[in-house]
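Here's the structure, in structure tokens; my notes come after.
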Amino acid sequence: MDDKATIGLMIQRVTNLGTEHVRCTVMQRKPGEDYPAGVGSWWAHEGKPFYDGLRMGGHVDDHGTLGFVSHGFGYYEVYSVELHHAKAMVAMLTKIAKQCEKERAHEQGDIFLAFAKAVGAQWVARPSGGRVKPGNWSNTTWYFTDELPEGRNLWRDLIADAVRETNERRGIKAAA
């Protein structure tokens, strides 16, 4: 991670095998750049937080009526872990769990805010339209906010939009 970069959260929708997923991934933002970037694991060393692959999210149940199914928070798509990384991962997951417990976070927006505080997020980024354009992140238009409560509302809206659009596609009308 760049020494002058700040830590934040990228929220987005992703379609995987026909299922809508909503993800919140820990990212970095380098000074002067108008898009987030991955944090990578090469910089992590003893005593530092390990952010590579850390995210929370879930998917829209498109076979039943459950709506959004949370996957909770964890490390995803991490292909190699050394002992000091494993220790840092456990420490970070414990910190997030304690923050959720402290704030009595059960609703998705509240869990998002507890997650943001625990990882030390300073901003939230959302691609316009909720999805990253094909290619790379630099060719996507991003909306950034440094207000975490606003980021919580963006997260809630992203989930609600994914559920609504999935239900519309399935021919299910929203309850009045």
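The values are calculated or read from the model by the stated rules, or taken from the named source; none is laboratory data. Being a predicted model, the structure only gives us computed values, none of them experimental. No Cβ is skipped: glycine too gets one built from the backbone with ideal geometry, and neighbour counts run over all protein chains shown.
Before moving on, here are some points about what is shown:
- Of 68, 73, all but one fail to be farther than 24 Å from residue 30 by Cα, in contact (Cβ under 8 Å) with a residue 12 or more places away in the chain and touching a His at 6+ places or on another chain (Cβ under 8 Å); the exception is 68.
- Total residues in segment 1-36 satisfying the condition of being crowded, with 20+ Cβ neighbours inside 10 Å, aliphatic (A, V, I, L, M) and within 12 Å of residue 125 (Cα to Cα): the figure is 5.
- Residue within segment 136-157 that is surrounded by 15 or more Cβ atoms within 10 Å (Cβ to Cβ), among the basic types (Lys, Arg) and out of contact with any Leu (no Cβ under 9 Å at 6 or more places or on another chain) present: yes
- Check on residue 40, over 16 Å from residue 146 (Cα atoms), at pLDDT below 85 and surrounded by fewer than 21 Cβ atoms within 10 Å (Cβ to Cβ): yes
- Residues in segment 90-129 that are part of a strand (DSSP E or B) and touching a helix residue (DSSP H, G or I) at 6+ places or on another chain (Cβ under 7 Å) were compared, and the one that is nearest to residue 52 (Cα to Cα) is 124.
- The lone exception for residue 87 - which of (1) out of contact with any Pro (no Cβ under 8 Å at 6 or more places or on another chain); (2) assigned to a strand (DSSP E or B) it fails: (2)
- Within segment 4-22, residues that are closer than 15 Å to residue 61 by Cβ and modelled with pLDDT of 90 or more have Cβ atoms under 6 Å from residues that are crowded, with 17+ Cβ neighbours inside 10 Å and among the charged types (D, E, K, R) in these pairs: 22/13, counting only partners at least 6 apart in sequence or on another chain.
- Selection of first residues in segment 141-154 that are in contact (Cβ under 8 Å) with a residue 60 or more places away in the chain and of second residues that are assigned to a helix (DSSP H, G or I), restricted to Cβ pairs under 8 Å at least 6 apart or on distinct chains, gives the following pairs, ordered by first then second residue: 142/128; 151/112; 151/113; 151/116.
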